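Please read the structure below before turning to the comments.
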């Protein structure tokens with residue numbers, strides 16, 4: 001998405017397209033990424049429940065992963081995961 | 001032509017706002033603004049105007065309510081003073097960033113502490129950088145005219161910015177002065193219905209006041225600065241239009257006997273009328289004294305100020321607020337900075353006066369001129385002094 005110049009901004013920065021927040025990829029903020037160890041994962045879904053971004057999804061096999069377009073790397077999933085199945089790994 | 005009547009200025013301001021077809025007002029009473037709040041509330045309660053009067057529990061809520069109402073497309077009004085304005089402070093830049101054409105009267109009063117209910121400009125000065133159009137008035141007629149004009153300026157599609165009108169507390173709000181009140185029909189002819197640039201409506205969802213990070217924040221600040229600077233053109237146009245309809249012309253900078261003046265004084269607000277009497281007294285003694293009145297504080301009228309003072313040898317800037325530990329009063333630093341690059345400019349003095357309602361009679365203004373005239377070697381230039389403070 002090309003960044004607009006100051007002249008192109010709408011008056012008062014009103015956003016006229018509903019639901020357009022999904023175009024904003026908060027994944028660019030991330031400095032650590034969650035990595036699931038499916039050997040330890042018991043598919044309880046607590047990561048899914050606690051993710052403040054709503055970006056943790058359950059796959060068809062029942063295991064979880066985060067949508068890296070939106071995952072900010074906050075680490076709440078790893079903190080809440082009581083079987084310790086999620087590790088936060090530094091981004092390169 | 002409207003008939004000349006006398007009325008307390010605060011009540012007259014509420015009457016004038018009542019002619020402007022407002023949709024809502026959210027006003028929390030505070031001395032010396034209370035009579036505006038009370039009378040506007042009366043107008044609504046008595047069914048004289050068709051508007052919602054929201055009885056909020058604080059000034060923070062008053063500003064929040066008018067922001068919400070303006071966002072929904074309502075012509076929205078509020079008024080406050082001193083601590084109330086300080087309490088609104090965090091919301092003021094939001095109203096301007098969202099480009100909401102809110103109109104607010106400020107009955108200027110000293111900010112605590114110590115607690116003081118009387119007049120100076122220490123409430124508006126900390127709001128200087130909030131992105132509002134800021135106008136100072138000198139008398140009842142100006143207070144009434146600007147209360148009506150402000151809506152038209154604010155709501156112009158090329159402006160869409162909030163406006164505050166500064167009316168000296170007590171010294172102006174509580175005076176009974178003669179003025180001409182425009183008729184309902186005249187105001188209707190002058191002020192078209194409000195057409196918002198966007199509205200909050202469930203049928204057409206929009207987001208107002210969205211979050212912005214470092215990738216957009218500087219562009220948004222630049223756009224806001226340009227919007228405020230560009231508003232001056234419209235302000236001048238609307239004032240011209242008012243002059244054509246009502247015969248009263250307004251300029252960002254007014255002058256009085258300034259053309260050939262060697263020593264000029266600059267005032268803001270109601271003190272201008274007293275200073276004007278001092279000019280007459282000095283002129284009668286053969287002193288080439290003149291007055292410059294700054295009406296438009298934001299956007300700051302650089303060209304007009306430069307033109308008004310360029311031929312004077314000395315300029316006395318008067319301030320009614322203090323920038324503690326700073327370079328002088330806020331008006332002084334602004335005027336000095338405006339003249340910095342000018343090849344031809346007067347030497348500038350700053351007197352901080354009339355704080356917390358301290359009376360400043362004509363003789364004090366004469367005294368300021370005499371002090372400056374006696375300073376032939378320009379030794380007292382470039383600094384500031386608290387005028388009349390006991391040593």
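The values are calculated or read from the model by the stated rules, or taken from the named source; none is laboratory data. Please read all numbers here as calculations on a predicted model, not as lab measurements. Every residue, glycine as well, gets a Cβ built from its backbone with ideal geometry; the counts of neighbours run over all protein chains shown.
At least 1 residues that are more than 23 Å from residue B:381 (Cβ to Cβ) in each: list the strands (runs of 3 or more DSSP E) lying fully within segment B:240-327 that qualify.
B:253-256, B:296-298
For segment A:1-16, give me the residue count where each residue is in a helix (DSSP H, G or I) and either closer than 15 Å to residue B:217 by Cβ or more than 7 Å from chain B (Cβ to nearest Cβ) (or both).
Number satisfying all stated conditions: 5.
With respect to residue B:148, determine if the residue is under 23 Å from residue B:6 (Cβ atoms) and in a helix (DSSP H, G or I).
yes
What number of residues within segment B:166-185 are in a strand (DSSP E or B) and crowded, with 24+ Cβ neighbours inside 10 Å?
So the count comes out to 3.
Here is a list: B:47, B:73. Which entry is more than 19 Å from the chain's Cα centre (by Cα), in contact (Cβ under 8 Å) with a residue 60 or more places away in the chain, assigned by TED's automatic domain parsing to the domain that holds residue B:156 and part of a loop (DSSP other than H, G, I, E, B)?
So the residue among B:47, B:73 that is more than 19 Å from the chain's Cα centre (by Cα), in contact (Cβ under 8 Å) with a residue 60 or more places away in the chain, assigned by TED's automatic domain parsing to the domain that holds residue B:156 and part of a loop (DSSP other than H, G, I, E, B) is B:73.
Take segment A:23-39 and flag every residue that is over 17 Å from residue A:89 (Cα atoms) and either assigned to a loop (DSSP other than H, G, I, E, B) or without any contact (Cβ under 8 Å) to a residue 40 or more places away in the chain (or both).
Hits for segment A:23-39 are A:23, A:24, A:25, A:39.
Can you spot a residue in segment B:7-22 that is surrounded by fewer than 24 Cβ atoms within 10 Å (Cβ to Cβ), in a strand (DSSP E or B), in contact with a strand residue (DSSP E or B) (Cβ under 9 Å, 6 or more places away or on another chain) and touching a residue at least 60 places away in the same chain (Cβ under 8 Å)?
Yes, because at least one residue in segment B:7-22 is surrounded by fewer than 24 Cβ atoms within 10 Å (Cβ to Cβ), in a strand (DSSP E or B), in contact with a strand residue (DSSP E or B) (Cβ under 9 Å, 6 or more places away or on another chain) and touching a residue at least 60 places away in the same chain (Cβ under 8 Å).
All but one of (1) closer than 22 Å to residue B:156 by Cα; (2) touching a residue at least 40 places away in the same chain (Cβ under 8 Å) hold for residue B:67; state the number of the condition that does not hold.
Tallying (1) closer than 22 Å to residue B:156 by Cα; (2) touching a residue at least 40 places away in the same chain (Cβ under 8 Å), residue B:67 fails exactly one: (2).
Answer yes if at least one residue in segment B:53-62 is touching a helix residue (DSSP H, G or I) at 6+ places or on another chain (Cβ under 6 Å) and touching a residue at least 60 places away in the same chain (Cβ under 8 Å), and no otherwise.
No; the residues of segment B:53-62 include none that is touching a helix residue (DSSP H, G or I) at 6+ places or on another chain (Cβ under 6 Å) and touching a residue at least 60 places away in the same chain (Cβ under 8 Å).
So which residues in segment B:186-223 are surrounded by 17 or more Cβ atoms within 10 Å (Cβ to Cβ) and more than 9 Å from chain A (Cβ to nearest Cβ)?
Residues satisfying the conditions are B:187, B:190, B:191, B:194, B:196, B:200.
Does any residue of segment B:120-140 turn out to be within 19 Å of the chain's Cα centre (by Cα), closer than 23 Å to residue B:21 by Cβ, assigned to a strand (DSSP E or B) and in the same structural domain as residue B:226 (by TED's automatic domain parsing)?
yes
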